[in-house]
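For reference, the structure is listed below as structure tokens.
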Amino acid sequence: MRHNIMSPMALSCIPDDWDAVRFVNDAPTDAEFQQFGLQSGDVVIVASDGLFDNLYEEDISRILQRCLRGSVREKADLMAAELVRSAVQAMKSKDYLSPYAERLSEDGHFCLGGKPDDISVCVAVVD
């Protein structure tokens, strides 16, 4: 969910003495709500936009499949680490057409490379 290409939805508490107009200030009620039925062995990823701005869903899926060889239950830490490593590598690339660069191009601003951003990833395996 995004306000625009440069502003993802973000929960925030802006101090009273700051100019709140300059900051994104979304409330929990602004969030998109989805519900999924989960089964034992399902993998759940919660991540910041830094992951999704630098890796395509197909790349994320490929990384997870590579990590899933063997027992899934012990792989959550490995999956998270590999996703972060791959996103950082893409972020530092100067000639990669990242999802972020692709969206910019759709708006008429052609560029290559990843998007410098924080990258936070949490992976859980349903028991």
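Listed values, structure above:
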read-out	value
Phi to ³J(HN,Hα) by Karplus 6.51 cos²θ - 1.76 cosθ + 1.60 over the range 92-106, Hz, x for Gly, Pro	7, 5, 9, 10, 9, 7, 6, x, 5, 5, 5, 5, 4, 4, 5
In nm, spacing of pseudo-spin labels at residue 43 and residue 106 (7 Å Cα→C-beta vector)	2.5 nm
Under 17 Å from residue 115, Cα to Cα: aspartates and glutamates that are on another chain or at least 8 residues apart	49, 53, 57, 59, 95, 102, 106, 107
Helix-derived mean residue ellipticity, 222 nm - over the chain, DSSP H n ≥ 4, -39500 (n - 2.57), to 500	-9000 deg cm²/dmol
FRET efficiency estimate (nearest 0.05) - Cβ-Cβ, residue 16 to residue 62, R0 41 angstrom	0.35
Reported label for calculated Rg/Rh (Cα atoms, Kirkwood Rh) given [x] 0.94; [y] 1.02; [z] 0.97	[y]
Along the chain, longest interval not containing exposed trypsin sites (Lys or Arg not before Pro), exposed being DSSP loop plus at most 16 other Cβ atoms within 10 Å	1-68
Choice from 110, 33, 52 showing the highest fluctuation, given a GNM over the chain with Cα pairs closer than 10 Å	33
About the Cα centre, charge dipole magnitude for the chain (Lys/Arg +1, Asp/Glu -1 at Cβ), debye	620 debye
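Since every read-out is calculated from the coordinates, none of them should be taken as a lab result. Remember, predicted model here, so these are calculated numbers, not experimental data. No Cβ is skipped: glycine too gets one built from the backbone with ideal geometry, and neighbour counts run over all protein chains shown.
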